[in-house]
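Data block below; observations after.
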Amino acid sequence: MSDAGEFVRDTRYLDGRITADGRDGTFPAQAGRYRLVVARACPWANRTMIVRRLLGLEPVLSMGICGPEHDWRSWTFDLDPGGLDPVLSIHWLREAYEKAVPGYERGVTVPAIVDVPAGAVVTADFRQITLDLEHEWAAHHRPGAPDLYPERLREEIEEVSAGVYQDVNNGVYRCGFASTQAAYDEAYRALFARLDGLSERLATRRYLVGDTITEADVRLWPTLVRFDAVYHGHFKCNRTKLTEMPVLWAYARDLFQTPGFGDTIDFGQTKEHYYKVHTSLNPSKIVPDGPDLSGWLTPHGREELGGRPFGDGTPPGPPPPEEVVTDGPGGSEI
């Protein structure tokens, strides 16, 4: 927190790299060696889950899912039998951080990729993880995997994403955790100015950059999908709901209904995390029953704008049975 009451994110992540050939002292990309640890509640982890699905990396990169709640110590594997991750055999994710850095004192965050033989975190840098999955793990991609970070569009993707990160992805947190009115007001204005600008951009194009799904869409969508369920009320981002912003609502539904996106989000776990963990904002820990989720499956009409979701590639297959989300719209499988 800054002296002015502005929320400041700690981005000092463990930042090891997994590369195709283990060059320059990095870790080599090897099937079965690593485990991606996520929590369905976390938007930063959601990015990695989407990219893993789109690229078909499930058979070579296993995924451990933490429960929705945690305390100051660590995320935990509450969803697994006995509270232990079945591959890493740990309850506290902190244990894998401390294997990497004895006496580790900073925040324990997801996503994190763990080297299974060593039981140690290699990287928790969500910004780099998806880029490395897209390029350093290319030999392990499924046939028909899309190019999410095409070289000719990278500059535009990063330019668009910079504003999305500052004002939207991190902007909702800057609203929610601001400790002064001035800091909140500034973050609130920036958030909705950016959302208005994104609405204008997406009014005439199906995706943020180019005519296919790219990293830019993967980075924006996890915030949009959580907006009405969490950020509108819990973080005081309440000028308008996502469902009241026609273009962004249609765009978010389009991606929700695209394999690899909607099948990664668990609204129940998401609400449970935010409303139970952030006790400074919600001391009662009461989790709201709403919003109604049925609208996520309604027609979006975005096909009229053209575009090819996967470019020259194909949609991913269904998620592994153990990763299927059942808490979707109407309480049914997505």
Treat each spin label as a single point 7 Å out from the Cα along the C-beta direction, and report the Ala4 to Arg239 distance in nm.
1.9
Taking square-rooted eigenvalues a ≥ b ≥ c of the alpha carbon gyration tensor, is the range 7-164 rounded, prolate or oblate, where a/c under 1.5 means rounded and, failing that, a/b exceeding b/c means prolate?
prolate
Out of every Cα-Cα pair in the range 151-203, what percent are more than 15 Å apart?
50
By per-residue mean of other Cβ atoms within 10 Å, what is the highest-first order of 178-191, 301-314, 217-230?
217-230, 178-191, 301-314
In square angstrom, what is the accessible area per residue of the range 176-232 with a 1.4 angstrom probe?
32
A correct Karplus calculation of ³J(HN,Hα) over the range 52-62, with 6.51 cos²θ - 1.76 cosθ + 1.60, θ = phi - 60°, whole Hz and x for Gly and Pro, returns 4, 5, 4, 8, x, 8, 3, x, 10, 10, 5
Of every Cα-Cα pair in the range 169-320, the percentage lying beyond 29 Å is 20
If I stretch the segment between Thr326 and Asp312 completely, what's the gain in nm (0.36 nm per residue apart, minus their alpha carbon distance), one decimal?
2.0 nm
Top positive-direction residue, dipole computed over the range 251-326 with Cβ charges, set Thr258, Tyr275, Gly317:
Tyr275
Give me the net charge of Pro222's neighbourhood, meaning all other residues with Cβ under 11 Å from the Cβ of Pro222; Lys, Arg count +1, Asp, Glu -1.
+3
Once each part is reduced to its C-alpha centroid, what is the distance from the range 284-298 to the range 225-264 in angstrom?
11
Excluding Ser199 itself, calculate the net charge of residues whose Cβ lies under 12 Å from the Cβ of Ser199, where each Lys or Arg counts +1 and each Asp or Glu counts -1.
0
Principal axis dimensions, largest first and in whole angstrom, of the chain by Cα:
49, 49, 39
So what is the 222 nm mean residue ellipticity for the chain from helices alone, if each DSSP H run of at least 4 adds -39500 (n - 2.57) and you divide by all residues, rounding to the nearest 500 deg cm²/dmol?
-9500 deg cm²/dmol
In the chain, carbon and sulfur make up what percent of the accessible area (probe 1.4 Å)?
50
Mean accessible area per residue over the range 3-153 (1.4 angstrom probe, all protein chains present, square angstrom) is 42
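The values are calculated or read from the model by the stated rules, or taken from the named source; none is laboratory data. This is a predicted model, so every value here is computed, not measured. Neighbour counts run over all protein chains shown; Cβ positions are idealised from the backbone, glycine included. In case anyone asks, the SASA skips ligands and DNA or RNA and just uses the protein heavy atoms, side chains included. Shrake-Rupley method; radii C 1.70, N 1.55, O 1.52, S 1.80 Å.
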